[in-house]
Protein chains: 2
Amino acid sequence: MPYLTNKNSIIELIKSHPGSVRRLWIEHGYETVSDEVIKEAKRQGVSFKVLQKNIFFKKFTNIKSHICLEVDEISYTDPDELLHDLERIKNPLLCAFDGIFDPQNLGNILRSAACFGVNAIIIPKDRSCGITQTVASISRGGIEHVKIVRVVNLARYIDTLKETGVFCYVLDENGIAPIWKADLRGPVCLVFGSEEGLRRLTKEKCDEIIKIPTEDVFPSLNVATCFAVSVSEAKRQRAVSQTI
Amino acid sequence: MPYLTNKNSIIELIKSHPGSVRRLWIEHGYETVSDEVIKEAKRQGVSFKVLQKNIFFKKFTNIKSHICLEVDEISYTDPDELLHDLERIKNPLLCAFDGIFDPQNLGNILRSAACFGVNAIIIPKDRSCGITQTVASISRGGIEHVKIVRVVNLARYIDTLKETGVFCYVLDENGIAPIWKADLRGPVCLVFGSEEGLRRLTKEKCDEIIKIPTEDVFPSLNVATCFAVSVSEAKRQRAVSQTI
């Protein structure tokens, strides 16, 4: 069962999704410093238990924290269910990754996706790290706010998205047009390479290649950063067009 | 002496700053897999040495890599020197942090700063982690491309920047105006809170409070992400105004 160990992540998750929380565990002696967490747990009706140090560390091996929140298993959204949902969403903003191998990156991506209200994150089943404790913790509970879709064949899923009217942009540092010249206001899927780059087929399936302009001498943005910058630009365009 | 252990970081640094590199060390048996690195070292005249496994790990304790690049100590830019430099830069883009405690965040910030060509990163001396191996490695060698200025008193330095004509915006999730409504084209310093938030004095010293709009139910962007999104928006505004 996954668990969170970061105090802020725990508080945020208890506040936003008390229903997906199982139980809060606290190491004996750390009740006072965990006061804020305990208060929030009480407020939301989340049960908590204090354990003696040796029992705590026997139960939660390899953690460095003195508090631990057990949460439900992450439930992925079915790829077909997402397609069905798209009919009801006006101008969905989707993001797909050709692969994500670093839990730190996936956690950061899910945190930013929750912040920017991305409708779904699409990852390939065989080319992505799982939603581990590390991912959940780095996302600060963001995993509870974002639909995560795992697909067997990303290229084929991009085809299906295109058929339903979603325009697929691929972000590539060798692209010509800067992202702000692309129209990101309609139903859009932004496609990103993995930490190892983009596969040819994924790139070819997309409608248009765009880029985030960077310095020639140091062009390599981190994939989670590239994602956040792109999504933020889409949100800007959408907000600006609403106010005109 | 700091060192890099990530292959990509090593290649990038040898390419871009061969002068700041001391020597490349390779564990015996890993010469073939390090072929790309060795070629770049030879091309740039960087000396390298192969060590037997036991000697390699005696020399570089606690590393998980089989290659290691020794680099010069990071040299910070003097605060007064930056002020002096500003006279010669047209529309400098500076970024200051009220504190940065997580090496992962600082590394990410320096990598993005190098990508977007930020003129300097300003951090408080007593409220920031150092430029450790972790920071250098996560920055992918970005530390060599960005001026890093450590100041004793950030609030006072913001005052000085304002006196030299730099407009100081502070990013705060409680701000009203979205960042894209602010004019980021002139001499600008973007000021960010630490992972623990913004200190009152830092906030008060700035000319204007702006925000990156996020979802109400999940507003908390990571500081390195907030930084990248803000700087990217500044670069967009500057590029767009040049083409009009």
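No value in this document is a laboratory result; all are computed from the given coordinates. Only a predicted model underlies this, so the values are computations on that prediction, with no experimental measurement involved. For neighbour counting, all protein chains shown are included, and Cβ atoms are generated from backbone atoms with ideal geometry for every residue, glycine included.
Side notes on the structure shown:
- B:Glu204-A:Gln44 FRET efficiency (beta carbon distance; Förster radius 35 Å; 0.05 resolution): 0.50
- Partner chain coverage, peptide A:98-110 - average Cβ within 10 angstrom: 1
- Among A:Ala136, A:Ala234, A:Ala96, the residue with the largest mean-square fluctuation in a Gaussian network model of chain A, with springs joining Cα atoms closer than 10 Å, is A:Ala234.
- Applying both filters, DSSP loop and at most 15 other Cβ atoms within 10 Å, to the trypsin sites (Lys or Arg not before Pro) of the stretch B:44-98 gives B:Lys64, B:Arg88, B:Lys90.
- The separation of the stretch A:108-137 from the stretch A:1-68, counted between C-alpha centres, amounts to 23 Å.
- Each stretch of four or more DSSP H residues adds -39500 (n - 2.57); spread over every residue of the protein assembly as shown, this sum gives -11000 deg cm²/dmol at 222 nm.
- Residues of the stretch B:59-89 with an amide N closer than 20 Å to a point placed 7 Å from the Cα of B:Asp159 along the Cα-to-Cβ direction: B:79-84.
- Charge dipole (Cα centre; +1 on Lys/Arg Cβ, -1 on Asp/Glu Cβ; no other charges) of the protein assembly as shown amounts to roughly 600 debye.
- For B:Gly130, label point 7 Å along C-beta direction: distances to other copies, nm: 3.9
- Extension gain from B:Lys53 to B:Lys181, taking 0.36 nm per residue of separation minus the Cα-Cα distance: 40.4 nm
- For chain B, built as a Gaussian network whose Cα springs stay under 10 Å, the top-fluctuating residue of B:Pro79, B:Pro219, B:Pro103: B:Pro219
- Placing +1 on the Cβ of every Lys and Arg and -1 on the Cβ of every Asp and Glu, with nothing else charged, gives the stretch A:3-71 a dipole about its Cα centre of roughly 200 debye.
- Each of A:Cys68, A:Phe56, A:Gly29 was placed along the dipole of the stretch A:3-71 (beta-carbon charges, centred on the mean Cα), and the one lying farthest toward the positive end is A:Phe56.
- DSSP-defined antiparallel bridges as percent of all bridges, the stretch B:79-243, nearest 5: 5
- Shape call, chain A: gyration tensor on alpha carbons, a/c limit 1.5: prolate
- Between A:Val50, A:Val191, A:Val170, the residue with the greatest mean-square fluctuation in the GNM of chain A (Cα pairs under 10 Å linked by springs) is A:Val50.
- Modelled spin labels at B:Ser20 and B:Val152, positioned 7 Å past Cα toward Cβ, are 2.6 nm from each other.
- Simple spin-label estimate for B:His28 and B:Thr134 gives 3.3 nm between the two label positions (7 Å along the Cα-to-Cβ direction from each Cα).
- Nearest-ten-degree value, helix B:103-116 long axis tilted from longest Cα axis of chain B: 80
- When the Cα gyration tensor is reduced to axis lengths a ≥ b ≥ c, the ratio a/c stays below 1.5 for the stretch A:125-244, which is therefore classed as rounded.
- Computed about its Cα centre, the charge dipole of the stretch B:83-240 is approximately 480 debye, with only Lys, Arg, Asp and Glu carrying charge at their Cβ.
- Computed from Cα positions, the angle between helix B:223-243 and the longest principal axis of chain B comes to roughly 70 degrees.
- In the protein assembly as shown, taking the dipole from charged Cβ atoms about the Cα centre, the farthest positive-side position among B:Gly197, A:Gln104, A:Tyr157 is held by A:Gln104.
- For chain B: relative contact order, % (alpha-carbon pairs under 8 angstrom, 6 or more apart): 20
- Candidates per GluC sites (Glu not before Pro) in the stretch A:23-125, loop by DSSP, up to 15 other Cβ within 10 Å: A:Glu31, A:Glu73, A:Glu87
- Number of partner chain Cβ atoms within 10 Å, mean per residue of A:164-174: 0
- Average projection, convex hull of the Cα set of the protein assembly as shown: 25.2 square nanometres.
- Shortest-first nm distances, B:Lys42 label point to equivalent points in other copies (7 Å, Cα→Cβ): 7.0
- Ascending distances from the A:Arg23 label point to its copies in the other chains, with the point 7 Å along the Cα-to-beta-carbon line: 5.7 nm.
- Label sites at A:His84 and B:Asp35, each approximated as a point 7 angstrom past Cα along Cα to Cβ, lie 5.1 nm apart.
- Mean separation of Cα contacts under 8 Å (6+ apart) over length of the stretch B:3-71, as relative contact order %: 52
- Pairs spanning more than 31 Å between alpha-carbon atoms, out of A:Lys39/A:Lys59; A:Lys42/B:Lys205; A:Lys162/B:Lys15; B:Lys7/B:Lys147: A:Lys42/B:Lys205; A:Lys162/B:Lys15.
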